[in-house]
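What follows is a short report on a single structure.
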Amino acid sequence: MRLGIDSYSVRWQGWDAFQILEYAARLGLDTVHFSERRNFASLERGYLTELKARADELGLAIEVGMGSFDRFSASFRPEDGSGEEQLAQMLDAAAVVGSPVVRCFLGTQADRLGPVPFREHLAECVRTLKAVAPRARELGIRIAVENHGGVDLLARELRWLVEEVGPDAVGVCLDTGNPAYGGEDPVLTAEVLAPYVVTSHVRDSRVWEVAQGAMAQWVPLGQGNVNLRAIIAILQEKAPNPPIDLEIITGSGPKLIPYLDPGSDFWKMYPEMLAADFARFLVLARSGRPEPLDQIVGPYNLEGLSTAEADALRAQQRRHFEESVRYAREVLGLGERPAPAPS
């Protein structure tokens, strides 16, 4: 399977799209997944054509993405247009750079308890996707909806959304790091969504039990207790050959999943989770050890840090990503191009 990088893995580096391409080429990767609109200096054809030409020179495929398309979400950016307009713009950009997908998402876990009832979020997502589906079909590009934001959509909810709109126009960007934050085993997520997965954000997590429920933390590949081998095997068998794009997010501490705390909002967020599905997560939590990742922890956007502190976090980010690439190649057998010779 192809091995790639999601641009969010290097969000602290300050690189433009061309520099991310160069970095991916140095690592011998197959794909660069530009998951955010702001990764591009412009959506003008001339700029995108130049970017595509450079990717071709480097032997890299490009995927494009954007943020929320749900106007009710706190993550939605109305300054970029309506949800339909943003998706249409990114579909056109995808056509120029040869991307088979446009990654996008509803929002975050917080939207499940926001001022708009969650079923209205779902209805708005269906309406927006159906509005742009004809253009996606015309271009032969799939709109890849991610299970995003720790987590906005459980696997069965996202499967319903894809089937409601039509899997010929809409597929899934499978994120293996977000499900645990919603009390879902990422292996179950892969089982439910695999037939619709057209691209991915793959990462590992440490999950362990605590008195209030469980803790989860994103870690480099191979340093967690998520069964990545099982996920890859499921995708190899059931998915339509998606790239494995690594989204390695470290530098933050563990997060509490308070399903045993009667004062928490956990079950208000996920009132329809199946007991059998949640039991799978309990097995995962009980398999983990209470060992947070030994790392430098910093603020989300490096705000308030000295130059030395920010540089240390940037170096850690690159190191964790490159460790993950090696694990993906050597243990999971991913990647179509040979690993580059050590410099």
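Hey, among the residues in region 88-121 that are touching a residue at least 24 places away in the same chain (Cβ under 8 Å) and in a loop (DSSP other than H, G, I, E, B), which one's surrounded by the most Cβ atoms within 10 Å (Cβ to Cβ)?
Taking the candidates together, the pick is LEU106.
Quick check on GLU272: is it touching a helix residue (DSSP H, G or I) at 6+ places or on another chain (Cβ under 9 Å) and without any contact (Cβ under 8 Å) to a residue 40 or more places away in the chain?
yes
Just to check your reading of the model, which residue among ASP70, ASP56 is in a loop (DSSP other than H, G, I, E, B), modelled with pLDDT of 95 or more and charged (D, E, K, R)?
Just one listed residue meets the conditions, ASP70.
Taking GLU237 as the residue in question, decide whether it is out of contact with any Gly (no Cβ under 8 Å at 6 or more places or on another chain), modelled with pLDDT of 95 or more, buried (at least 21 other Cβ atoms within 10 Å of the Cβ) and acidic (Asp, Glu).
Taking the combined requirement at face value, the residue does not satisfy it.
All but one of (1) over 22 Å from MET273 (Cα atoms); (2) touching a Pro at 6+ places or on another chain (Cβ under 7 Å) hold for LYS130, so report the exception by its number.
Failing condition for LYS130: (2).
Applying the selection to region 157-174, what residues are under 18 Å from MET66 (Cβ atoms) and either of a type in the set (A, V, I, L, M, F, W, C) or at pLDDT below 95 (or both)?
Passing the criteria: LEU158, LEU161, VAL162, VAL165, ALA169, VAL170, VAL172, CYS173, LEU174.
Against the definition (surrounded by fewer than 19 Cβ atoms within 10 Å (Cβ to Cβ), at pLDDT 95 or above and either out of contact with any helix residue (DSSP H, G or I) (no Cβ under 6 Å at 6 or more places or on another chain) or within 23 Å of PHE34 (Cβ to Cβ) (or both)), how does GLN217 come out, yes or no?
The answer is no for GLN217.
Within region 251-263, is even one residue assigned to a loop (DSSP other than H, G, I, E, B), touching an Asp or Glu at 6+ places or on another chain (Cβ under 6 Å) and either touching a residue at least 60 places away in the same chain (Cβ under 8 Å) or surrounded by 19 or more Cβ atoms within 10 Å (Cβ to Cβ) (or both)?
No, region 251-263 has no match at all.
Please enumerate the residues belonging to region 12-33 that are assigned to a loop (DSSP other than H, G, I, E, B) and more than 18 Å from LEU221 (Cβ to Cβ).
TRP12, GLN13, GLY14, TRP15, ASP16
Against the conditions (1) surrounded by fewer than 17 Cβ atoms within 10 Å (Cβ to Cβ); (2) assigned to a helix (DSSP H, G or I); (3) touching a helix residue (DSSP H, G or I) at 6+ places or on another chain (Cβ under 7 Å), where does ILE296 fall short? Just the number, please.
Answer for ILE296: the failing condition is (2).
I'm trying to understand the selection: among the residues of region 299-343, which are outside any helix (DSSP H, G or I), among the polar types (S, T, N, Q) and within 21 Å of the chain's Cα centre (by Cα)?
If the condition is that a residue be outside any helix (DSSP H, G or I), among the polar types (S, T, N, Q) and within 21 Å of the chain's Cα centre (by Cα), then ASN301 is the only one that fits.
Just give me the residues in region 177-188 being touching a strand residue (DSSP E or B) at 6+ places or on another chain (Cβ under 7 Å) and either crowded, with 24+ Cβ neighbours inside 10 Å or acidic (Asp, Glu) (or both), in sequence order. Lay out the reasoning, then the answer.
To start, the set of residues in region 177-188 that are touching a strand residue (DSSP E or B) at 6+ places or on another chain (Cβ under 7 Å) comprises 177, 180-181, 183.
Hits for region 177-188 are GLY177, ALA180, GLY183.
Looking at GLU85 and the list (1) within 17 Å of the chain's Cα centre (by Cα); (2) surrounded by fewer than 17 Cβ atoms within 10 Å (Cβ to Cβ), which single condition is not satisfied?
The single condition GLU85 does not satisfy is (1).
Which residues, counting only those in region 153-173, are small (Gly, Ala, Ser) and more than 14 Å from VAL192 (Cβ to Cβ)?
GLY166, ALA169
Could you tell me whether VAL102 is over 24 Å from ALA41 (Cβ atoms) and not basic (Lys, Arg)?
Against the criterion (over 24 Å from ALA41 (Cβ atoms) and not basic (Lys, Arg)), VAL102 does not qualify.
Within region 82-98, identify whether any single residue is more than 18 Å from ARG142 (Cα to Cα) and at pLDDT 95 or above, and answer yes or no. Even if it seems obvious, please write down each step before you answer.
So in region 82-98, the residues more than 18 Å from ARG142 (Cα to Cα) come out as 82.
Checking the rest, the ones that are also at pLDDT 95 or above come to 82.
Yes, there is a match, as at least one residue in region 82-98 is more than 18 Å from ARG142 (Cα to Cα) and at pLDDT 95 or above.
Just give me the residues in region 123-145 being of a type in the set (A, V, I, L, M, F, W, C) and either out of contact with any helix residue (DSSP H, G or I) (no Cβ under 7 Å at 6 or more places or on another chain) or in a strand (DSSP E or B) (or both), in sequence order.
First, the residues of region 123-145 that are of a type in the set (A, V, I, L, M, F, W, C): 123, 125-126, 129, 131-133, 136, 139, 141, 143-145.
Hits for region 123-145 are ALA123, ILE143, ALA144, VAL145.
Mind listing just one residue for me: the one in region 137-176 that is small (Gly, Ala, Ser) and either under 17 Å from the mean Cα position of the chain (by Cα) or surrounded by 24 or more Cβ atoms within 10 Å (Cβ to Cβ) (or both) and, of those, nearest to PHE34 (Cα to Cα)?
My answer is ALA144.
The values are calculated or read from the model by the stated rules, or taken from the named source; none is laboratory data. Since the model is a prediction, treat every value here as computed from it, not as a measurement. Note: ideal-geometry Cβ built from the backbone for every residue, glycine included; neighbour counts use all protein chains shown.
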